[in-house]
Structure formats: C-alpha cells, structure tokens
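Read through the structure below, which is laid out as structure tokens, and then see the notes.
All of the numbers you see were taken from the coordinates with simple rules; none came from a lab. Small disclaimer: the values here were computed from a predicted structure and weren't measured. Methodologically, a virtual Cβ is constructed for each residue, glycine included, from the backbone with ideal geometry; neighbour enumeration extends over all protein chains shown.
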Amino acid sequence: MLLLLSLLTALALVGVDASPTIKLGNTTLVGLDITLLGVDFFGGIPFAEPPLGHLRLQPPVLKPLPDQGTLDASSYGPACLQTDLPLDTMSEDCLTINIYRPTGTPADAKLPVATLPRYGGGFTEGLSMIYNGSGIVAQSAARGTPVVYVNFNYRLGPLGFPQGQEADNKGALNLALKDQLAALKWVQLNIGTFGGDKDKVTVFGESAGAIMSSILFLNSPIETLARAAIFESGSQATSGLFTPERRESDWETFVGGVASCASVATSGSTFACLREANTTEIFAGLSTAMVDATEEFPWDPVIDGPGGLIPDLPSVLFSRGHFSRLPFIAGTNLDEGTDFISPAINSSDEILALIIAMNTPSVSSATLESSTEKLLQLYPDIPELGSPFNTGNETFGLSSQYKRAAAIGCDLDFASQRRLWIETAANAGVPTWGYLFTQPQPNSPPAEGVFHGSEVPFVYGAPSDNSTSALTISRLMTDYWVSFATSLTPNDGLGIPRPEWTQFAPKNKAVIQLNGANLTMIPDDFRAEQIAFINSNPVIWRH
C-alpha cells in the first residue's frame, strides 16, 4: 500500500510549473504548481514548536505564524522518529503540515477542507507524505466541488504515547492526540489564507488514524475544530484501552535503551534525563523498545482519566451519552483480522491465550476466560466460516485455526466496535453512514483476503490493480468521500453516477458494500449473534 501511495506522490510531483506563493504572517511560502493535476502544493510548514529539550514529552506548543522572510514549502517535512526509516530521513522536529488546493485558488474562495492528520501505522510508523492528496483535489475540482486537502505529522511511539506511572503523574499522556488538536487549531487560524473555510473541516483517517479521529469524539473540543469525520477501519478502542501503568515495563525498556539514561530506567524519574538526551540516543531507545516489546502494539492511546481525552472506556461513555454529535462515515474491510494473526497459529489453546493476553487486566480472570471460551464456541473451527470470508473450505496451506482466529480478530477489534459506535450515534439522531469494503485484491496473497488497509489506495485514486472493477470503485469512493466533505452527505448527485448510499438509522440498519462489481446496500447483520455477544459486555474486551 505504501508503495502505491509513494508512486502516486512521485507522479503527482512531475510537471511542475511556476511556483505558487502565499503570504502567511510575515513569511512568503513558496510551494509547487503540480500542473499535471492542476494542484498547488505547500508542504513542510511547522505548526508546533520543535518538541525537543524541555518540550520533549510535553504537549505541543502551537507555533506562531512564521516570521522568516521566505520559506521553501515545495517539499514535505521530515518524518517523525520510527524504526522503519533511516535516521537521516527523520527528525524530532517533525510537526509539519501540508496543504493541497486547486491551482490558483483565491484567499476568499472558502472551499471545504478535508484533513487527514491521522495516518495509520500502529502508532509507531507512518508519515504524511505517503498520503498525497493531489488526486483527491483534482477529482474534487473536476466534479465541481473543489476542496482543500490537508495532512500533517504527529509524534510516534514512546514520544507520542508515553506509558507508565511517571507519564501519568506528569500529565504526559496521549501526546500524539494533542498534536492532532494543535494541527487542527492551526488550520482554524490559517486555512483561510489558502482559500479554505475553517467552518467546513472534515477530518478522516485510517487504522491508527481512524482510532485517533474517533477518540476525539469522546472528550475533546472537536466540535469547534471540525464539522464531520470519516473513520476507515478503526474505532476508539480498536487497539484496546488500558491505563498507562499496564505498560510500565515497555517504558523502562525504552529508557534502558537510551545510553545516557539507562541507569534511571527503573527509577520512576526518567523525564529529566530523557529531555537532555540527543536524538540519536532516543532513536536507539526506540529501536530497543520495539525489539523487546511485550506486545505487538505497546505504544497505544491510554485512558487518561477525568478531564482527559479518554476519561473512560468508550462503551461506558456511550452509555452516558457522552460523545460528539458530529456526522460521520464509518466502515471496515471484509477481512480486517488477517494482517494481525500469525500464519503459524494452529490450536484453540493458542487463540484462547492470545485473546486473554490482549485483554488482561479487564474484568476478573474467571470472567475473561469464560467469555473467551464462549467466543471460541461462537467461532467454531470450520474453515468456510473463517476469514478470509467467502473462501469456502480453502485454508491456503495453513491450519484452519488461522481462518478462525482471523475471523475473531476482525470482529473483536473492528466490526463489533464499528457497529456499536454507529448504532449508538444513530440512536442519538446523529447522521451516519456505514460501509463494508469487499473489493478483491488479486495482487495480494489469497490468505490475506480484503485485508486491513487495502481500501486506502482506492480513496486516493491509486487502486491496487487496473481492472475495470477496481478503477470504477476507486473513482466512486473518491466521489463519495468528496461529496461528504463538501455537503455532509455522500449523495450530492455530482461526479460519476452512483447508487444512493442510504443513511444508517435505527429502522434501517444498512451499510453500503463497496465493490466495483456489486456496489449495493446490504443489511448490517453479518455475524449478528457473534457481534451481539461481543457488544453485550464490551468492558470485558476493553471497548
């Protein structure tokens, strides 16, 4: 997926003509004119002060308007620290924003704004440059509903999501979520200069990005910063929500890998030392922490208590009516679980142990174990019921337990939460639309099915294959997304003719099946008994 989007980036940046300029504060930004697509690009603009030294492990400090004469805004800023990129391509001074608009958009255009602040990557990897918005902006203009597209970086891993008691004591939790809020505040202050309308902002994200977007619907000022959202393959508790103390040992491992701070790793007083360390040392600690992590995703959002962004489990907040009423689209892919299950899994006991480990501590161990055993009963070891779904008795040379575990993972982490969230919102009168992405992925291993993240290239106009079906659904998805961002409904009737996407409602629980060969509304009742069981006591699963 990242390769496809990187290729799209490369293609979009050819055919560059005279550089567009914008005056922001006392600084002239010099961007790129992407003549091939009719798009202006301004990138690498800092929206927060560099989170270094005394600002490391602190909430972001919004950066004033630049005051430096001329700023080269013709390329992206560096990625935030992560382990899958060379160190010389990254920086801790990474909190930058990128803006795409139709070429020559005047400052008074007041175009709707689509923001993707929240890339996926499990909270440990990702960067804004792989989500090039040129194709979306070009198609929005061609259909007569031009938008300004914005994306930006946020801190990752232990710098974005510190864990442990010390971070809790110092109020240094969920810093990456606060990066998002700072960037959205920057948009409110400055997007008008680029021709955008600060009152017409739609946020969207995928995977970790969708998780973070949806978390902002719990207890943040999101209603002052946006008017709608799109969640792709992620809900508030998809990663499982715990208090920060659960991952104390992961924090100690991270600090232990920072050479100058290793001696204080278990002291409970590490922040002062970490703020003195250099970036190379921090990167070494991050690398150590990723190798020696106690779980696959140790740097997740955490419950930060009363007054925090995540004051309690989402299901508890839902039951109290404590959530934003902004309209949204939410959906999942057919086989969300396949990316997260080891192909080597081959027994019920392994699945049982995996689920218990992922959800400990939650309720009593006896309740968790009995609930997990009930879950295994509802997902029997029958290949034709497993994921990838709709593949019959095929097991792809793997144990049948792989398909069983992937089906459980899909529903436990993705489908059940999307259903609970959209039903809760619809019951409260919130305009919502749901989808199930089922477009085949012929260029990927068959055992992955319609895997997690496979829809993203389609939204950006770079489908994973060139079949008529794939090209069609890609154009249609972009139209649906742009329509929602510009008119708060996916059904504005503009662009390519397409079926009406019916609003999800208590008396019409239906989602659209996004498939180029069969684009249609379907009842939202797949695996009804299994998902109803999961949602009958969501606290067990940390939802």
Segment 219-317 pair-distance distribution - Cα-Cα, 5 Å bins, rounded %: 2, 12, 17, 16, 17, 13, 12, 8, 2, 0
Residue among F458, G429, N169 farthest towards the positive dipole end of the chain, charges placed on Cβ: G429
Spacing of the two label points (7 Å from each Cα toward its C-beta) at S536 and D93, in nm: 5.7
Extension gain (nm, one decimal) between A528 and T224, 0.36 nm per residue minus Cα-Cα: 105.8 nm
Under 20 Å, Cα to Cα: Lys pairs in the chain, sequence gap 8 or more or different chains: 15
DSSP-defined beta bridges in the chain - what % are antiparallel, rounded to 5: 45
For segment 75-82, 3J(HN,Hα) per residue [Karplus equation, 6.51 cos²θ - 1.76 cosθ + 1.60, θ = phi - 60°, Hz, x = Gly/Pro]: 8, 7, x, x, 6, 6, 4, 7
Virtual paramagnetic centre 7 Å along Cα→Cβ of L352, amide N under 16 Å, in segment 276-318: none
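Rounded to the nearest 20 Debye, what is the dipole magnitude of segment 459-543 about its Cα centre when Lys and Arg each give +1 and Asp and Glu each give -1 at the C-beta? Display every interim value, and only then the final one.
Numbers: 6 positive and 7 negative charges, 33 e Å.
Here the size comes out at about 160 debye.
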Segment 411-543: antiparallel DSSP beta bridges as a percent of all, rounded to 5: 65
Residues F396 and L471, FRET efficiency given R0 of 25 Å [Cβ-Cβ distance, rounded to 0.05]: 0.35
Cα-based radius of gyration of segment 50-111 once divided by 2.2 N^0.38 Å, which approximates compact folds: 1.44
Largest-first principal axis extents of the Cα set of the chain (Å): 65, 63, 45
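Just to verify a number: FRET efficiency for D381 and Q165, C-beta to C-beta distance, R0 = 41 Å, to 0.05?
Taking R0 as 41 Å, the efficiency between D381 and Q165 is 0.50.
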Segment 417-518: GluC sites (Glu not before Pro) falling in loop per DSSP and having at most 13 other Cβ within 10 Å: E500
Partnerless cysteines, meaning none of the other Cys C-beta atoms lie under 4.7 Å away, in the chain: C410
Order of K509, K23 under a 10 Å beta carbon neighbour criterion, fewest first: K23, K509
Label-to-label distance, nm, for residues given as L52 and A366 (7 Å Cα→Cβ offset): 5.7
